[in-house]
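Have a look at the structure below, then the notes.
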Amino acid sequence: MSGLYGLFSRRGGRPTDGLLNQLSGHSGHRTANYINLTRNRIGMGVAESGTGEFLLTADIRLDNRTELCHQLGLNADTTTSDARIVINAYRQWGEPFVERLIGDFSFALWDEHRQTMICARDHLGVKPFYYLLDGEQFVFASEANIIGVIPSLECTISSARLVDYRVDWLESVDKRCTFFNEVHRLPPASMLIVDENSHQEHTYWELDADREVYFPSDDDYQNAFNELARNAVQCRTRTGKGGVMLSGGVDSSLVSAIAIDLGEAPLPAYSGVLPKAAKDNDSECVRLLLEKLNLIDRSLETTEQSNYYPQLNKSLERIGEPFDASMFQSYLLYIRAAEDGCDYVLDGVDGDIPHSLPSSYPLWIAKQDGIVDALTEVYWIWRRWCDRDQSLPALYLQYLKSMLIPRVLREAKQKIMGTSTDREYRQLMRDFDISPSIGIKTGLRARIAQEQANYAAQGSSLKEQRVAHISHPGLAVALERYDRAAASCGVEARHPLLDKRLVEFSLAIPGKQSGSQGWSKYLMRRVAAQYLPHQVAWRTSVDDNGGDFILRWATDQQNLLRGKVESSIDKVGPYGFRMTKDSEDVSNQWITFCLVSWLSYVTKARGNGIIVR
């Protein structure tokens, strides 16, 4: 594991050792081998001391290190660290150097001559960067909690974020907010330059919706995707001992199969499975893959999870964010991977977003190829993915309305009937019993409108819409969750399917390669069929057994759950959280427990209470 932390006293004076030590202490689960260095107005935790000109704190893995070393005149062997490459690249090329980096990274680099801090985050946001910036100081770390719990920084809890958590899908309202009003996230593909008197932020990379890649045959597309996917896996297995997270879906299964094919020894596979009697499709696919592939079975059944409650409950006591409630099963598997000595686990998370098409893609087919072709695609979507009690004519009608009714008429109807934002706001206030004053105070209506705008169709082409989907804040917040949960258990989550080069390729190829005949991830599935059993590569059923693990824990740990929540429910009640007496209402009990646990941790770590604003 690795991370970053540091501070810059913008108004002069040496940074206090006390504040740097607190940053170091709260980062200990990530940066146990770092040393604290101070120089004039800055302090940071570093893995190596650097030069007189520069200091660097970084969470980084460079995938084009050989190319960079050649350009910089450095040895490309293991004696040259990624940190040294970054420092030399900055010295050679200045701030634009970050445009040359490929990999997963976040870092802060201090330029002594310029008295400036140069910070950056990788293209898709795999590695997080959180910061507090005001006229006096610039403080940064790999997690918001590391900054927010330090008493002297006087951070306050965001009431808007508490409501976001209650609504759940507002987690991805933007790329900046956190549960602390004063702490912000640096968006993916961004640089932040901070000196004594000013700061500038800019985006250094964007997906190119105009780039096009064509091959003569389908086989050529498959070979190109396969080569890029293999390279992405190989880059992420270069250092450390690893395993694979295996859900039984095509994404994680393909990553696992490639990792096995590239290696010589069997890999441990971490899966959450239900007992065979449950006939859970995910679990059945996992068992099939464990038979067919060279994997070490480290799957975990719900009946075994109580063995990990001591470690799990300890992790929950200092949960990174309330939204990490959705990571319950992952916590268990990360704990098991760390127990086995893994430094990292490969995951297939979020392959859907860059390697598939948005659900609206039949509308684009209608524009390009006509309504008949579009409705044919709707038929295949219905046949492959819809329950048989869902009416095909009704699905046709749903798409036809969007294809045929002019946008101006749809907007006119909204003015008459009221916007979807208004309807959603009223529904949420009623369903969650959120206090009206809280709804107004937190700007809930505006946040709903912002999230709806995030998902609205953008651009005049399918590729522009795909860029909007890939760039949606939802991908970044998901990656931040995986990073926090894995780090708290002592491992690193690595995501081959989010390799920049692979994502750019999937966007550049014709849309029909990514979605056709009702198949999502059409090209990926064709590649996966070279490695995996047919029933995995071309599966259509989608199960999620994570809730079964939560239910089992809630049943086993009912005293802990109820005791924690009932002692603090008065603090969160106005935001729509309740402690119900219904033993079957596990979902609400669990999300309330995670919020209360997080608030308890922050309060205890600060030692002087918290203020919600």
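The values are calculated or read from the model by the stated rules, or taken from the named source; none is laboratory data. Keep in mind that what you see is a predicted model, and the values were worked out from it rather than measured. Glycine also receives a Cβ, built like all others from the backbone with ideal geometry; neighbour counts cover every protein chain displayed. Ligands, DNA and RNA are stripped out before the accessible areas are found, and what is left, the full protein with its side chains, is counted by its heavy atoms. Shrake-Rupley method; radii C 1.70, N 1.55, O 1.52, S 1.80 Å.
Observations
- Separation of alpha-carbon centers, region 490-543 and region 341-359, rounded to whole Å: 9 Å
- The distance from the alpha carbon centre of region 185-247 to that of region 257-303 is 27 Å, rounded to a whole number.
- Within the shell of other residues whose beta carbon sits under 15 angstrom from the beta carbon of N545, the net charge comes to -3, with Lys and Arg scored +1 and Asp and Glu -1.
- Principal axis extents of the Cα atoms in the chain, from largest to smallest and rounded to whole angstrom, are 71, 61, 54.
- With each label modelled as a point 7 angstrom along the Cα→C-beta vector, the E566-N36 pair spans 4.2 nm.
- For G12, the shell of other residues with beta-carbons less than 13 Å away shows a net charge of +1, using +1 for Lys and Arg and -1 for Asp and Glu.
- Between S49 and L551, the modelled label-to-label distance comes to 5.9 nm, taking each label 7 Å out from Cα in the direction of the beta carbon.
- Were the residues from S435 through S420 laid out at 0.36 nm apart, the gain over their Cα-Cα distance would be 3.3 nm.
- Helix-only mean residue ellipticity at 222 nm for the chain, each DSSP H run of n ≥ 4 adding -39500 (n - 2.57), per residue, nearest 500: -14000 deg cm²/dmol
- Tail beyond 24 Å, pair distance distribution of region 62-214 (Cα, percent): 43 percent
- P(r) tail fraction, region 443-592 - alpha-carbon pairs more than 18 Å apart, %: 76 percent
- Under-5 Å amide H pairs with I319, H placed in peptide plane, nonlocal only: none
- With both residues required to sit in the chain, DSSP beta bridges show an antiparallel share near 75%.
- Considering only the Cα atoms of region 1-112, their convex hull presents on average a projected area of 7.1 nm².
- Scanning residues 5 or more positions from N64 or on other chains, those with amide H under 5 Å from its amide H are I102, with H placed 1.01 Å from N in the peptide plane.
- Taking a sphere under 12 Å around the Cβ of R298 and counting the other residues whose Cβ falls inside, with K and R at +1 and D and E at -1, yields a net charge of -4.
- Taking amide H positions as modeled 1.01 Å from N, with prolines and chain starts lacking one, the residues under 5 Å from G272 and 5 or more places away or on another chain are L300.
- Axial C-alpha extent at least 24 Å, average Kyte-Doolittle at least 0.0 - helices from the chain (DSSP): 473-489, 586-606
- Residues K564, K401 ordered from highest to lowest accessible area at a 1.4 Å probe: K401, K564.
- Gyration tensor verdict on region 292-388 (Cα atoms; rounded if a/c is under 1.5, prolate if a/b is larger than b/c, oblate otherwise): prolate
- Sorted peptide list for 7-17, 344-354, criterion being average Cβ within 10 angstrom, highest first: 344-354, 7-17
- Under-20-angstrom lysine pairs by C-alpha in region 518-613, whenever the two are 8 or more apart or on separate chains: 4
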